[in-house]
Amino acid sequence: MFSKIKKFLIFIGIFLALFVVGLLAGVTIYSFIKVPNVESLENYAPPEATQIFDRNGKLITTLYDSENRVVVPLKDIPNNLRDAVIAVEDSRFYSEVGFDPIGIMRAFIADIMHRKEVEGGSTLTQQLVKNIYLTPQQTIMRKLVELVISIRVDLTLSKDKILGLYLNEIYLGHGTNGVQAASKYYFNKDVKNLNLAESAMLAGLISAPEYYSPVRNFKLAKERQKIVLNRMVDVGYITKAQANEAYNQPIDIVHSNTRWGGIAPYFVDHILQEMAKKYGYNEVYTGGLKIYTTLDYNMQEEADKMVKDYVKKYSYLHVSEGALVAIDPQNGEIRAYVGGTSYEKSQFDRVIMAERQPGSSFKPFVYLTALEQGLGPNTTLSDTPVTYQTPEGPWSPQNYERTFMGNIPMWEALMLSRNVPSVKLLDMVGVENAIKTARKAGIKSHLNANLALALGASDVNLLEMTSAYGVFANRGIRVEPIFITKVVDRNGKVLEENKPIPQRVFEEKYISVLDGMLTNVILHGTGMAANIGRPAAGKTGTTDDFRNAWFMGFTPNMVCGVWVGNDDNSPMNGVVGGFIPAEIWAGFMKYALTGTPVAYFPKSSESIGSSNGNEVSVWICSGSDKLATDKCPNPILKSFPKDSVPTEYDSRYPGTPYVPTEEKRKENTVGKTKNSNENSQPTTIPKHEGNSIIVLPQR
């Protein structure tokens, strides 16, 4: 009887052994079918977020599909974080071969005692295999396949390679994958800059990221951090004193959510569309591209704030939207880009998508055409009633105030934004010629070939207008707007580089005179609200019924365009270009130019155009007939014959060229009312040194 039982047990034992061997063989074969090439992990490239940086390398945002991941090499992951992860997740990582029998047994006993799964026995390698190759399905077959593949991986790859893959693969909560993305999310710093306290808290998230998230429950996160630190002490990575010091160290949870839709969302949106056309959406969202842009993070923040604050402040005037774009005119690089007050409420980009009539801000193209045809700033224009016969019937253009000034020089007509003489000037130089001028400057939208063009009656967008004004700022040289300077793939290969291609489109002598005329718009014309205390030029624009208000302005090193209005094109309540847009422009430009040396517009060495006057007015220092400096105690505006204009500065007061201040202008406008609306009246014209000298007839 005993012999039969013994034989039976032997049979059962052999059967079970063969079964186990067969099962393992089957699992092994299945694992090879499931994962035919473990060696491919050497070059494994997981889905990786695309990063967008500003011009100084500061992260603007990330673009990703389902996994927000930025892969970093193991050398950039601090030892404290590596040690923390190994201590709390797999302390025998460097001695095991894919799996940990002791850990599995410990977990099995704990599960039996609690009658449920309370502890995992998976190694880092097993977790990596599960994440890359398998599903989270809890079955015996899946676990056996995981074990076999883990052994294969451990025998194929180095421990450092496995650890690097693991740390870039793991999910750490709030849509972040890998330690770099998580470090940016929770602490707003690169993973290489994490200290021991932060490393322990990050490592503590692995077992239950959403549960231990310091964003959701900082107290639980601290408790978990303490467990990690104690495990590091037990394993021998740190001392008890170091653990206590790290635990008591304050941690600043910044919760920096860099997902698309953060700063400069309209700018990012435009980049996304352009990149997707070139590389495809899949590559943009999962390819780990690094896109280096021209945007200035700090300028962008200020621009966003200015537009939002002013639109909110004047909402009672039925102003609901605004837009701003700022460009470096010398290289075409966009520094700030505000497509609206709230991307969350509306993704409609008012910099590019909105086409609106620019009003009088279009006039400089007409006046530049006149300068190129030989007219001068003192050419007399007639500000008197006129009627034109058009296909639609008689048309009588009107000035803003419905008044007329008679004969006035060209510079004054532009400075005060007089409509009637501007229309007459367009008629004189030719509509098609003015359109050609606008095209050379960079206006690409359709322009209606009629005299109403002088009043900005054709729709344009803010980007093309701002870029065109950049030609005025850059001495007649055009540079196409640039959004991106460089795109690099995940392996560091440069996919594209964009550099400015300057093209001279206007002679500098004409631009110099035009800049002088547009400088006077800010000093004494319709754009006085845009005075920023340094040489600047610009033009206001207001359309019928106050539906659109623009201010386009520039210095030699920055051009900025501002628009305010309503998406439904409904009228605002009396808002003109010299009001809200000019104030937004001035506020932004003061910030953007902080710390930048004052730059002057270069003057032309050639005189152009005809003149009805024979005198030139310049600022001199009282008591002499020499040009005033900023140290001169009492500069005055004085007229001289054209052939004897002073060229030397008063040596009694060494300094920089005198630039009129607001106080000085007030002294020269006693008894005369000035405002920032389109109906501002002229006075004497103070000049910036370096601008074209404008002959001022005595009126």
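Here, each number is a calculation from the coordinates, and none is a lab measurement. Here the structure is a predicted model, which means the values were calculated and not measured. Note that we place each Cβ from the backbone using ideal geometry, even for glycine, and neighbour counts take in every protein chain shown.
Counting every other Cβ atom within 10 Å of each residue's Cβ, ARG82, ARG69 order from fewest to most as ARG82, ARG69. Taking the fewest neighbouring Cβ atoms within 10 Å as the starting point, the ordered list for HIS524, HIS318, HIS270, HIS446 is HIS446, HIS318, HIS270, HIS524. Bin width 5 Å, alpha-carbon pairs only: give the P(r) of segment 370-526 as whole percents, running from 0 to the bin holding the largest distance. Each 5 Å bin holds this share of Cα pairs: 2, 8, 14, 18, 19, 14, 9, 5, 3, 3, 2, 1, 1, 0. All other residues whose Cβ lies under 10 angstrom from that of LEU495 are scored, Lys and Arg at +1 and Asp and Glu at -1, for a net of 0.
Expressed as a whole number of Å, what is the distance separating the alpha-carbon centroids of segment 432-453 and segment 567-600? About 25 Å separates the Cα centre of segment 567-600 from the one of segment 432-453.
Stretch LYS305-GLN242 to full length: gain in nm at 0.36 nm per residue minus the Cα-Cα span?
Details: separation 63, 0.36 × 63 = 22.68 nm, distance 4.37 nm.
Gain on stretching LYS305 to GLN242: 18.3 nm.
Shape analysis of segment 319-361 yields a ratio of the Cα radius of gyration to the Kirkwood radius, Rg/Rh, of 1.02. Distances between every pair of Cα atoms in segment 282-332, grouped in 10 Å steps from 0 to the bin holding the largest one, split as 20, 31, 28, 18, 4 percent. Spin-label pair SER396-LYS313: with each label point 7 Å from Cα along the Cα-Cβ axis, the two points sit 4.0 nm from one another. Could you compute the net charge surrounding TYR266? Neighbours are other residues with a C-beta less than 9 Å from the C-beta of TYR266; K and R count +1, D and E count -1. Net charge around TYR266: -1.
Excluding THR293 itself, what net charge comes from residues whose Cβ is under 12 Å from its Cβ, given Lys and Arg +1 and Asp and Glu -1? Before the final figure, lay out each step's value.
Numbers: positive: ARG55, LYS58, LYS290, ARG335, LYS486; negative: ASP54, GLU274, ASP296, GLU333.
After counting each charged neighbour, the total is +1.
Spin-label model, GLU355/LYS631: points 7 Å from Cα along the beta carbon direction are separated by 5.6 nm.
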